[in-house]
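Here's the structure, in structure tokens; my notes come after.
The values are calculated or read from the model by the stated rules, or taken from the named source; none is laboratory data. Small disclaimer: the values here were computed from a predicted structure and weren't measured. Because the Cβ atoms are built from the backbone with ideal geometry, glycine has one as well, and the counts that use them run over all protein chains shown. Please note that ligands, DNA and RNA were not included when accessible areas were found on the heavy atoms of the full protein model with its side chains. Shrake-Rupley method; radii C 1.70, N 1.55, O 1.52, S 1.80 Å.
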Amino acid sequence: SVELKVEMVGIHEKRLRKCLSKLKGIEKVEVDANSQKVVVTGYAHRNKILKAVRRGGLKADFWSAQNELLSTYASASYGSLRFNNFNLF
């Protein structure tokens, strides 16, 4: 399986699935839009998967431990942010 970080908006999921459907050997595509994580399961080479997603016009890179940490931090702290007038902190 290959894990990718893909910058996604709601409409991009359809484009992503269309790009990946053209590759042979892909069995399953799991998309987590909140953390912008895509998990592709199958027998296709990881570089071909990344290339296909980028060819579809989406910004993508391989998922790393740093992405996991940032995703966890963002989801935990996002709810605690408060914007009072111009004071952001």
Among the numbered criteria (1) part of a helix (DSSP H, G or I); (2) acidic (Asp, Glu); (3) exposed (fewer than 12 other Cβ atoms within 10 Å of the Cβ), which single criterion is violated by residue 13?
(3)
Which ones in region 43-57 are over 14 Å from the mean Cα position of the chain (by Cα), surrounded by fewer than 17 Cβ atoms within 10 Å (Cβ to Cβ) and assigned to a loop (DSSP other than H, G, I, E, B)?
43, 45
All-but-one check, residue 23 against (1) in a helix (DSSP H, G or I); (2) open to solvent by less than 100 Å² (accessible area, probe 1.4 Å), failing number (1)
Do we have residue 3 as in a strand (DSSP E or B), of a type outside the set (S, T, N, Q) and at pLDDT 90 or above here?
no
Tell me, yes or no, whether region 63-83 has at least one residue that is outside any strand (DSSP E or B), at pLDDT 85 or above, open to solvent by less than 100 Å² (accessible area, probe 1.4 Å) and of a type in the set (A, V, I, L, M, F, W, C).
no
